[in-house]
Amino acid sequence: MSNVFIALAIICVLCGVVSSIMIVSFLSNQGIKINYFLLRLLLPKYVEQYKIIMIEKSSRPGSLYYTFVVSMISGLILAVIGLLLRI
């Protein structure tokens, strides 16, 4: 049973990675310099910039923001549940 939760957590994290790549691509197209060397450390900053830009454009944070946040939180919760079931 714990393997199911771990697999779902991996799927959620992969969705978060795809949405983060799309966010970085969007910011790059908007003319914002992206530091690809420190991308892992600066990703929360880039997600926040995406949110601010989308709020200015459409008064909503944008679907990629929600996809990123929900998938990462879901992945964390599912991974914890899967690990607790192994004990």
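So that you can scan it fast, the table gives a plain yes or no per residue for (1) within 17 Å of G62 (Cβ to Cβ); (2) surrounded by 12 or more Cβ atoms within 10 Å (Cβ to Cβ):
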| residue | (1), (2) |
| --- | --- |
| I6 | no, yes |
| I10 | no, yes |
| L14 | no, yes |
| V18 | yes, yes |
| V24 | yes, yes |
| K33 | no, no |
| L38 | no, no |
| L43 | yes, yes |
| Q49 | yes, yes |
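Only one entry of Y50, Y36, Y46, Y65 meets the criterion of being of a type outside the set (G, A, S), touching a Lys or Arg at 6+ places or on another chain (Cβ under 6 Å) and farther than 30 Å from I87 by Cβ, and that entry is Y65. Number of residues in region 62-74 that are surrounded by fewer than 17 Cβ atoms within 10 Å (Cβ to Cβ) and not hydrophobic (A, V, I, L, M, F, W, C) equals 2. Please verify whether region 22-37 includes one or more residues that are without any contact (Cβ under 8 Å) to a residue 40 or more places away in the chain and within 24 Å of S2 (Cα to Cα). Scanning region 22-37 turns up no residue that is without any contact (Cβ under 8 Å) to a residue 40 or more places away in the chain and within 24 Å of S2 (Cα to Cα). Within region 28-55, track down each residue that is farther than 19 Å from Y66 by Cα and of a type in the set (K, R). K33, the sole residue that qualifies.
Beta carbons closer than 6 Å, at least 6 apart along the sequence or on distinct chains, pair a first residue in region 75-87 that is surrounded by fewer than 16 Cβ atoms within 10 Å (Cβ to Cβ) with a second that is in a helix (DSSP H, G or I) and among the hydroxyl-bearing types (S, T, Y) for L85/S2; R86/S2.
The numbers here are math on the coordinates, done by the rules we state, and not lab data. Bear in mind that the values here come from a model prediction, so they are computed numbers and not experimental data. Ideal geometry is used to build each Cβ from the backbone, glycine not excepted, and the neighbour counts take in all protein chains shown.
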